[in-house]
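Structure first, then comments.
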Amino acid sequence: MTATVIIGAGIIGTALAYDLQRRGRQVVLVDRDAPGRGASYGNMASIAVTEFMPASRPAVWKQIPGWMLDPEGPVRVRPAYMPKLVPWFLRFIAASRPSKLRTLEEQGAVLCKRVHEDLGALLRETGLEAELTQEGCLSLYADEAEFRADRDHIEILERFGFEHHVLTGAQARELEPELSKDIGMAVLFPRNRSLRDPYRLVLRLAEKFVTLGGRIERGEVGGFDRSGRIRAVILKDGRHLPADEIVIAAGAFSGRLSGMLDEPMPLETERGYHTQIMSPGIAMKHSIIWPARAFMVTPTAGGIRVGGTVEMAGLDAAPDYRRSKITVKRAQTALPNLKCADFTEWMGHRPAFPDTVPVMSASAKTPGVFYATGHGHLGVTYAATTARLMGDLITGVKPPLDMAPYRIDRF
């Protein structure tokens, strides 16, 4: 039986571990922390099939200088980290060419068109259908001018056939009565469902994986044994995990691991913050986003979660929870009765490639090594699809998509 070691027990690694164990591999899932305690713990719980478009499109990057000058802006780069970010940012700008943008849009759209099919199958198979809500997401606009400013987003969705419905402010308030009367328009994305608790989903998938005979190990990777091909994963405590194949699915930390294999990747961390409010004083059914004010609110994990900021400061800097407070203040402009009581604040690392497209690929250098990383803001969204595609790729089944756009050596 082929021995597979998957490094990274977030939603991507755990879903893939389950898939491969079901296909007959003997899988070990290893992480320095317990399953689901990284970015999967604190994401915004959204199956965001309409959010595949590249962050490098002009409508976004032209606003970045202004955002960075605003201490409460949605994007913050810590000054000390700026020199390290320059190579990544140059690749980001290169990904903004019109011809390149159209290609990247297609690569994201083709994944998102599969999401509900793959996720539905995974949830049915594991008996976890109840984890996915039926309500969609509302995108909010104060007026017609804000809506026009987001028109490129809507036009991309129209081009690829993603369902959406333009609403008046009054119609949006019929769906979510707590919305401010300052909301003049909205767009409903009915397929952007939410998870009742994304952390709980990872835990339940991990349980299903173990029930099938999979094994979970806790430990930090210190290196690899390879001579011609991969032989084992070496943990810092001295343990060796024999492997015929490995998958690096460690999110924002994947770049450090690929570097150990002499296969560097331009992976950065977009540090995200959330505030989980357990006594919000209001009830919601839909998630909401307000593009002009760059925040999102989702009813999840037994309360209401507020997030949306991006901070570029690397993997090691301490959190700056002022970012969380900024997004709560912005959320209260849309939800004036929202109270911030009985709350916790969290920071996590989103793995970001400059072209916004994940890597799902065999190594270009070491036989037996695979990568499933760089899903950015769409880790939960892409998890079941990634598990299906990587499961096919690893076991020698022809995937239903052309995997060339997601290869490790595309940069």
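Structural remarks
- For segment 299-354, filtered to residues that are in contact with a Gly (Cβ under 7 Å, 6 or more places away or on another chain) and among the basic types (Lys, Arg), the residue that is least open to solvent (accessible area, probe 1.4 Å) is Arg350.
- Counting only strands (runs of 3 or more DSSP E) wholly contained in segment 310-411, the ones carrying 3 or more residues that are modelled with pLDDT of 95 or more occupy 343-352, 359-362, 369-373.
- The residues in segment 167-215 that are under 26 Å from the mean Cα position of the chain (by Cα), surrounded by fewer than 18 Cβ atoms within 10 Å (Cβ to Cβ) and part of a strand (DSSP E or B) can be counted, and the count is 1.
- Residues being under 19 Å from the mean Cα position of the chain (by Cα) and either under 20 Å from Asp150 (Cα atoms) or open to solvent by less than 20 Å² (accessible area, probe 1.4 Å) (or both) - total across segment 269-285: 7
- Per-region count, segment 96-138, residues closer than 20 Å to Glu51 by Cβ, small (Gly, Ala, Ser) and open to solvent by 10 Å² or more (accessible area, probe 1.4 Å): 2
- If the condition is being open to solvent by 50 Å² or more (accessible area, probe 1.4 Å) and closer than 25 Å to Tyr382 by Cα, then segment 145-166 contributes Arg151, Glu155, Glu158, Arg159, Gly161, Glu163, His165.
- Filtered by the rule that a residue be acidic (Asp, Glu), closer than 21 Å to Ala331 by Cβ and in contact (Cβ under 8 Å) with a residue 12 or more places away in the chain, segment 157-189 gives Glu176, Glu178, Asp182.
- Only one of Asp402, Asp409 that is out of contact with any helix residue (DSSP H, G or I) (no Cβ under 8 Å at 6 or more places or on another chain), without any contact (Cβ under 8 Å) to a residue 40 or more places away in the chain, over 19 Å from Ser56 (Cβ atoms) and surrounded by fewer than 24 Cβ atoms within 10 Å (Cβ to Cβ): Asp402
The values are calculated or read from the model by the stated rules, or taken from the named source; none is laboratory data. Predicted model only: the values in this text are computed from it and were never measured. Here Cβ is always computed from backbone atoms with ideal geometry, including for glycine, and neighbour counts include all displayed protein chains. Remember, those area values only see protein heavy atoms, side chains included, never the ligands or the DNA or RNA. Shrake-Rupley method; radii C 1.70, N 1.55, O 1.52, S 1.80 Å.
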